[in-house]
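*Asks:* One structure follows; several queries about it will come next.
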Ligand code: ATP
Ligand code: LTN
């Protein structure tokens, strides 16, 4: 079994992109060597009210459990419950360079919102610590995380070269379908929790009426031909990809079944609603019992800490800190 780790920020309600790009692949790959966390420390990199962070974190945890993460089959925890994450991030910051962090495109996209705060700049190093602490071999993420995974690999290799073999060098596991779900209103940019428009983003908790409304209003084009072409037809191609991901098919194959945009849109809305409905029912059950959520997260933190402590000590000893 391959050691797996991934994380999601509690920066807003989980959306279709998170679900297809990451979460359903986490669910498909749960086993005793899989570690999944809500990366709450990461959500401090953009302005957020304390009450909002608190609420989002519980909602995010409940959404993941409702989506099928089973805390008895994998280790599910909150990043801030395991203090080794920022501790290891510090050691890694001392091998990372300003130059490589400056090249991170996500930083460039979000920097205006962070008003010059340092956390957003060093955030990919914290993400590398999340991964390296667990000796993860495989990191299931969406396409937008490629660059961050590459950084984690580079930091691991540089550390190992400088201080001797310490970290496993991880690989990203990026799905073939659904790795980059685009905003329905602006199909040239990815659907996102913190940046997208409400009409362009389908939330895991949207009811059927909202889903139909948003998909119907999705921006397309005027040539009227249902065809998969990401460059010439970004809106239609996004809808084809979403349906392909939800039905384990290919966008090209789906395109052959539709002649009219309206029919494609109705099929997309229906597939989303059918997938999300059972998740929403389970979500309500988890949200009704916050004590149970906390209990689950506390067990996860204990399990994660055992692994993280051991890796942190190895790294600390390697750089010359006295254990
Ligand atoms: P934010 O807008 O706050 O950056 P986000 O929506 O990008 O949030 P994250 O918490 O950063 O979501 O990411 C969680 C996981 O979801 C990551 O693996 C990421 O690659 C994936 N993901 C995010 N957006 C998309 C998308 N539009 N399509 C596919 N996967 C996505
Ligand atoms: N940076 C990621 C979230 C994230 C993550 C991780 C993903 C934080 N730590 C560790 C995989 C592994 C994001 O913004 N989507």
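*Asks:* How large is the direction-averaged shadow of the alpha-carbon convex hull of segment 191-323, in nm²?
*Replies:* 13.0 nm²
*Asks:* In Å, the Kirkwood hydrodynamic radius of segment 219-262 over pairs of distinct alpha carbons?
*Replies:* Kirkwood radius, segment 219-262: 10.2 Å.
*Asks:* Just the number, please: Stokes-Einstein D of segment 112-191 in µm²/s, Kirkwood Rh from C-alpha pairs, 37 °C, 0.692 mPa s.
*Replies:* Translational diffusion coefficient: 231 µm²/s.
*Asks:* Relative to the first principal axis of the alpha-carbon coordinates of the chain, what is the inclination of helix 234-247, with its axis defined by its Cα atoms, in degrees from 0 to 90 and to the nearest 10?
*Replies:* Approximately 70 degrees, to the nearest ten.
*Asks:* Moving on to the next point. Going by average Cβ neighbours within 10 Å, how do the peptides 28-38, 167-177 rank, with the highest at the top?
*Replies:* Highest to lowest by the protection proxy: 28-38, 167-177.
*Asks:* Where the eigenvalues come from the Cα gyration tensor of segment 1-154, what are the semi-axes √(5λ) of the equivalent ellipsoid, largest first, in whole Å? Kindly include the intermediate steps, with their values, before the conclusion.
*Replies:* Working: eigenvalues 110, 70, 41 Å².
Equivalent ellipsoid semi-axes, largest first: 23, 19, 14 Å.
*Asks:* When the helices in the chain are scored as -39500 (n - 2.57) per DSSP H run of 4 or longer and the sum is shared across all residues, what 222 nm value do you end up with, to the nearest 500 deg cm²/dmol?
*Replies:* My calculation for the chain gives -16500 deg cm²/dmol from helical runs alone.
*Asks:* I'd like the distance separating the alpha-carbon centroids of segment 235-288 and segment 307-323, in whole Å.
*Replies:* Cα centroid to Cα centroid, the span is 46 Å.
*Asks:* Rounded to whole Å and sorted largest first, what semi-axes of the equivalent ellipsoid does the C-alpha gyration tensor of segment 255-323 yield via the square root of 5 times each eigenvalue?
*Replies:* Numbers: eigenvalues 443, 104, 8 Å².
After scaling each eigenvalue by five and taking roots: 47, 23, 6 Å.
*Asks:* Still on this structure: Hey, what angle do you get for helix 261-287 against the long axis of the chain, alpha-carbon based, 0 to 90 degrees rounded to 10?
*Replies:* Helix 261-287 and the main axis of the chain meet at about 40 degrees.
*Asks:* Report the residue, chosen from 148, 15, 257, that carries the largest GNM mean-square fluctuation when the chain is represented by alpha-carbon nodes joined by springs under 10 Å.
*Replies:* Of 148, 15, 257, the Gaussian network model singles out 257 as fluctuating most.
*Asks:* Could you tell me the distance between the Cα centroids of segment 105-126 and segment 135-177, to the nearest Å?
*Replies:* About 20 Å separates the Cα centre of segment 105-126 from the one of segment 135-177.
*Asks:* Helix 105-114: angle to the longest alpha-carbon principal axis of the chain, degrees 0 to 90, nearest 10?
*Replies:* With rounding to tens, the tilt is 90 degrees.
*Asks:* Can you compute log10 of I(q)/I(0) for the chain with the Debye formula, treating each Cα as one identical point scatterer, at q = 0.10, 0.16 Å⁻¹?
*Replies:* Log10 of I(q)/I(0), two decimals: -0.59, -1.37.
Computed from the coordinates by the stated procedures, all read-outs in this text should not be read as laboratory data. Here the structure is a predicted model, which is why all the values come from computation and not from measurement. Because the Cβ atoms are built from the backbone with ideal geometry, glycine has one as well, and the counts that use them run over all protein chains shown.
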